[in-house]
Amino acid sequence: MICPNCSTELKLKERTGRVCSHCHRGFALDPRMYGTGMHDVRIRRCAESLTDHGRLKVTITQLWYRARTQSSSWPARKARGIHPGITWPVALAVCAGLIALATRISGAPAFWTGVGAVLVLVVPKLVPYERARSAGSSITPSEYGFRGMMTSAWTTTYGGLPQGVVNDADHVLGRAAKRPHEARAVILCTDHTVAVFLEANGVPARLKAVLLEALPDYAHEDLVEDPGRLPGDPSGNVPDGLPVVVVHDASALGALLAPLLRITHPDRVVVDAGLPVAAVRRRRGAVHRASPAPAVDAEALRSVAGLSEEDAAWLAAGFWSPVAAVPPALLLGVVEQAVERAVAACAPPGPAPEHAFLTWPDAPVMKGTSPA
């Protein structure tokens with residue numbers, strides 16, 4: 001690895017105790033300890049890229065997605081083959097029978113019976129058994145591990161997080177961001193990380209928008225229990241009639257949120273600024289994650305959310321892609337565009353026009369990542 005202080009390439013023996021043997025200064029991360037790619041120089045470059053050299057503020061979660069070295073996902077699979085608990089007892093019983101038969105006969109029949117007994121024991125190995133597995137995903141390093149690196153080793157060494165990076169885990173949205181003066185729109189965000197990102201960059205105040213946060217599961221429950229109020233606003237403080245911009249993951253519940261809002265709030269303009277499934281399902285370098293299959297079938301996603309058959313099937317199988325993994329500058333631009341679009345489309349009380357997904361421009365494939 002390269003020393004972040006003197007730029008000397010260090011061998012393992014030259015960085016004992018996370019101290020450079022040339023400049024005698026400490027550093028935070030050693031790839032031998034924290035994994036491939038986890039060193040100060042690379043993390044700094046990732047942070048500078050995300051923050052646009054200090055122009056933006058980003059969260060640890062966004063930095064984790066950018067700094068990941070590997071991400072993959074796999075579909076569910078049914079069990080294949082015959083379970084060893086069945087094949088081996090049957091094979092042993094048949095083998096024993098053939099051996100017993102071979103001892104009672106002689107000549108060529110006995111020889112070939114013995115060969116058959118041996119072959120019977122080989123068959124279970126030629127037909128391997130594969131266990132059933134559920135859909136899953138993996139990201140290296142893990143979120144827990146990366147967050148620990150940044151809040152422990154990094155802050156201990158440098159006295160704080162990289163410039164422009166905030167800890168979203170400990171951040172609570174401020175009241176000023178939730179209820180700005182003279183609000184002209186509502187930003188409903190289903191991802192805490194993205195909500196913190198928007199607030200940290202002054203988006204609600206600058207655009208005069210009310211920022212609400214509601215996790216997807218709770219957002220749908222709120223719509224069912226009290227359809228007259230917006231999710232994330234249990235006190236009902238958001239003025240009636242304000243247009244709503246929905247920011248969500250490319251997920252089953254996220255895709256349904258905007259259509260359900262249009263049904264329960266026909267007097268509001270609803271703009272869907274969520275991450276489109278079509279933009280990430282086949283995209284090289286996009287983050288694909290898997291959770292237990294949602295209680296939403298593909299038919300509902302096609303009919304209510306208007307998704308294609310392939311996109312609906314992908315979501316119904318439990319796959320999703322986090323909006324927090326979108327490059328921050330791109331995400332910020334889409335949200336700002338969506339708010340302006342919502343305000344411009346706001347009309348006198350009456351049926352609100354339906355708005356489809358915004359078009360997300362292609363973001364560059366991040367280096368150091370594998371296709372999801």
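I'd like to check something: does the range 280-302 contain any residue that is over 30 Å from Trp64 (Cα atoms) and of a type in the set (S, T, N, Q)?
No, the range 280-302 contains no residue that is over 30 Å from Trp64 (Cα atoms) and of a type in the set (S, T, N, Q).
If Ala169 meets every condition in (1) within 22 Å of Trp320 (Cα to Cα); (2) at pLDDT 95 or above apart from one, which number is that one?
Here Ala169 meets the rest and fails (2).
Pairs please, first residue from the range 136-160 and free of Cβ contacts under 8 Å to residues at least 12 places away in the same chain, second anywhere and surrounded by 15 or more Cβ atoms within 10 Å (Cβ to Cβ) and not in a strand (DSSP E or B), Cβ atoms under 7 Å, 6+ apart in sequence or on different chains.
Qualifying pairs under 7 Å: Thr155/Leu161.
Take the conditions free of Cβ contacts under 8 Å to residues at least 24 places away in the same chain and either out of contact with any strand residue (DSSP E or B) (no Cβ under 8 Å at 6 or more places or on another chain) or hydroxyl-bearing (Ser, Thr, Tyr) (or both) and apply them to Arg302. Does it pass?
yes
Tell me, which residue of the range 232-266 that is in a loop (DSSP other than H, G, I, E, B) and among the hydrophobic types (A, V, I, L, M, F, W, C) is farthest from Cys346 (Cα to Cα)?
Val238
With the structure loaded, tell me whether Ala279 is farther than 30 Å from Pro204 by Cβ and of a type in the set (A, V, I, L, M) or whether it fails that test.
Criteria not met by Ala279.
Tell me, please, whether a residue that is over 19 Å from Val166 (Cβ atoms), without any contact (Cβ under 8 Å) to a residue 12 or more places away in the chain and assigned to a strand (DSSP E or B) can be found in the range 17-27.
yes
For Gly333, state whether it is modelled with pLDDT of 90 or more, more than 30 Å from Ser134 (Cβ to Cβ) and not charged (D, E, K, R).
yes
The values are calculated or read from the model by the stated rules, or taken from the named source; none is laboratory data. Just so it is clear, the structure is predicted and the values come from calculations on it, not from any experiment. As a convention, Cβ positions derive from the backbone with ideal geometry for all residues, glycine included, and neighbour counts pool all protein chains shown.
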